[in-house]
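To start, the structure under review is shown below, and the notes come after it.
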Amino acid sequence: MKSIEELEKEYRKRTPTSLKCFERAKEYIPLGVNSNFQAYDPYPIFWDHAKGNRYWDVDGNEYIDFNSAFGSTLAGHAHPLIVKAVTEQLSKGTLYTAPTDLTATCVEEIKKRFPVDMVRFANSGTEATMHALRVARAYTEKEKVIKIEGCYHGMHDYLLQSVEPDLDKAGPDDRPYTVPQSKGIPKDISKGTIVVPFNNADAMQDALERNKGDVAAVIMEPVMMNCTLIPPRDGYLEKVRELTEAYKAVLIFDEVKTGFKVAYGGASEYYHIKPDLITLAKCLGSGFSLAAFGGKKEIMEVIGPGGVAHGGTYSANPLAIRASITALREVLTRENLAHATKLEDKLADGLRKALKDNGIPGYVNSLGPCGMVMFTEHEIYDYRTTVRYYNSDRLKKLWFGLVNNGIWIAPHTDEHWTVSVLHTEEDIDKALAVIEKVAPDLK
């Protein structure tokens, strides 16, 4: 059985050029990366190129990609249909800062999947959730927002709260304190954000009652996908929908990660829940910077002169919109999603078998083409059970073992894996062979 030190030594031996790139980058870029999520020990792998379901790093090592850019590239890397579409658009220009008929076409594709009447585009999930909150506040003429502890909704101050709080500072389980995730966030902003645990309808009702008449919106991932992969318990989402209607708060489903993956129409379709607003990103752009927020007409119509301000130089740029239209019409089809889901089922079953055969405590959560191994005997149903019971050291050993054998997943518990529409049975067989090889090291 290999130790974590031996696994790290193998990692360093096969990625010396990544280390050189990292040392160079640290001279000019904080942490050597341009997103804190990309920083991890001992140093991040630097990629050279990607195609289909493969990455190649700067040392020439090839990897089967099961991270899919945090789930953004469900379509795979450089999908031929998307490449063709954006190549055609490049010769026509990439940025007009003016309307194009393409945007209405893209909205029509979104409306086929999600229960929204009107849509506005943005550039990232952060922008989408930020603008959705502003719209909800304007519509309700209230200011407070309720979010789920452990959920990440982007980098703006109002929702960068209690994402990964220290439990010593986070308060009672059923009535968490609001803990800023970053320095530099004004205290008065944190006061306007109320935090509740996932899968706890009683705590949600308590928060709404304590702040009766002041809550503009409840924003939530219908499935926690930035904290391993935690599905809602039976009846939970239905109860949240009932409570938000009773307390006249806008229900916002953050489908940046669940959208297009959990089902053709995201979690809204899968769980048969109609929120008031939905935010989308990641798969929407399929490798390009594109996001959207949309919902009921009566809510979205607060946008405009004298109402809610929304804009962005690159919003709905034709290059990203062309990529999105092609992805939604021709790549992220029901048939292709079913293919990716079938492969994920096989991957999850094989991993369950490896855990059982090697006597490793744990289970596998799987939903659509997404999955996550849960290294614990306890049920994980919210952020705090993840912190208390998940064996992250075992995940680290699994990560080293997979990466050292050409399988790429995220190196931390924040992120599940995603099987793309371009993965094949052979890819799954290769991954399971590696899992069988490294599983004894996890004991």
Once amide H atoms are placed 1.01 Å from N in the peptide plane, what residues at a sequence separation of 5 or more from R54, or on another chain, have their amide H within under 5 Å of its amide H? D65, H77
Per-residue ³J(HN,Hα) for segment 318-327, Karplus 6.51 cos²θ - 1.76 cosθ + 1.60, θ = phi - 60°, Hz, x for Gly and Pro: x, 5, 5, 5, 4, 4, 5, 4, 5, 4
Only bridges with both residues in the chain count here: give the DSSP antiparallel percent, nearest 5. 60
Per the helix-only calculation at 222 nm, which mean residue ellipticity applies to the chain, given -39500 (n - 2.57) for every DSSP H run of n ≥ 4 and division by its residues, nearest 500 deg cm²/dmol? -11000 deg cm²/dmol
Ratio of Rg to Rh for segment 152-195, alpha carbon only, Kirkwood? 0.93
Residues meeting the amide H criterion for V250 (H placed from the backbone, H to H distance under 5 Å, 5 or more places apart or on another chain) are A217, V218
For K191, list the lysines whose Cα falls under 17 Å from its own Cα; do not include residues on the same chain fewer than 8 positions away. K142, K144, K147, K169, K183, K212
Along the positive direction of the dipole of segment 81-331 (beta-carbon charges: Lys, Arg +1; Asp, Glu -1; about the Cα centre), which of I194, N226, V331 reaches farthest? V331
Summing +1 per Lys or Arg and -1 per Asp or Glu among the other residues with Cβ less than 10 Å from V163's Cβ gives -2
For 28-35, 52-59, 255-262, ranked highest to lowest by mean beta-carbon neighbours within 10 Å, the order is 255-262, 52-59, 28-35
Taking N as the number of residues in the chain, what is its Cα Rg relative to 2.2 N^0.38 Å? 0.97
Which cross-chain or sequence-distant (5 or more) residues have an amide H under 5 Å from the amide H of M118, H modelled 1.01 Å from N in plane? G295, K297
Most mobile listed residue (K296, K183, K353) in the chain, GNM with C-alpha springs under 10 Å: K183
GNM, the chain, Cα, under 10 Å: largest mean-square fluctuation among K20, K191, K112? K20
Along each principal axis, Cα extent of segment 81-331, largest first, Å: 57, 39, 34
What number comes out for the charge environment of G311, summing +1 per Lys or Arg and -1 per Asp or Glu over other residues with Cβ under 15 Å away? +1
In the chain, with Lys and Arg counted as +1 and Asp and Glu as -1 at Cβ, which of these residues, N358, H131, L251, has the Cα nearest the positive end of the dipole, that is, farthest along it? H131
Quote the charge dipole size of segment 305-443 about the Cα centre in Debye, to the nearest 20; the model charges only the Cβ of Lys and Arg (+1) and of Asp and Glu (-1). 200
The chain, relative contact order in percent, only Cα pairs under 8 angstrom and at least six apart counted: 22
Please give the per residue volume of the convex hull enclosing the alpha carbon atoms of segment 353-443, rounded to a whole number of Å³. 98
To the nearest 20 Debye, how big is the dipole of the chain about its Cα centre, given +1 on the beta carbon of each Lys and Arg and -1 on that of each Asp and Glu? 500
Using 7 Å Cα-to-Cβ label points, what is the A39/E242 separation (nm, one decimal)? 4.5
Does segment 208-321 classify as rounded, prolate or oblate by the C-alpha gyration tensor (a ≥ b ≥ c root eigenvalues; a/c under 1.5 gives rounded; else a/b over b/c gives prolate, otherwise oblate)? oblate
In percent, how large is the relative contact order of segment 81-331, given Cα pairs closer than 8 Å and 6 or more residues apart? 31
Classify segment 306-396 as rounded, prolate or oblate from the Cα gyration tensor: take a ≥ b ≥ c as the square roots of its eigenvalues, call it rounded if a/c is under 1.5, otherwise prolate when a/b beats b/c and oblate if not. oblate
Once both labels are modelled 7 Å past Cα along the beta-carbon direction, what's the D234-D168 spacing in nm? 4.1
Pick out, from M204, T103, S182, the residue whose Cα sits farthest towards the positive end of the charge dipole of segment 81-331, with +1 on the Cβ of Lys and Arg and -1 on the Cβ of Asp and Glu. T103
Fraction of antiparallel bridges per DSSP, segment 81-331 only, in percent to nearest 5: 40
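The numbers here are math on the coordinates, done by the rules we state, and not lab data. Computed from a predicted structure; not experimentally measured. Here Cβ is always computed from backbone atoms with ideal geometry, including for glycine, and neighbour counts include all displayed protein chains.
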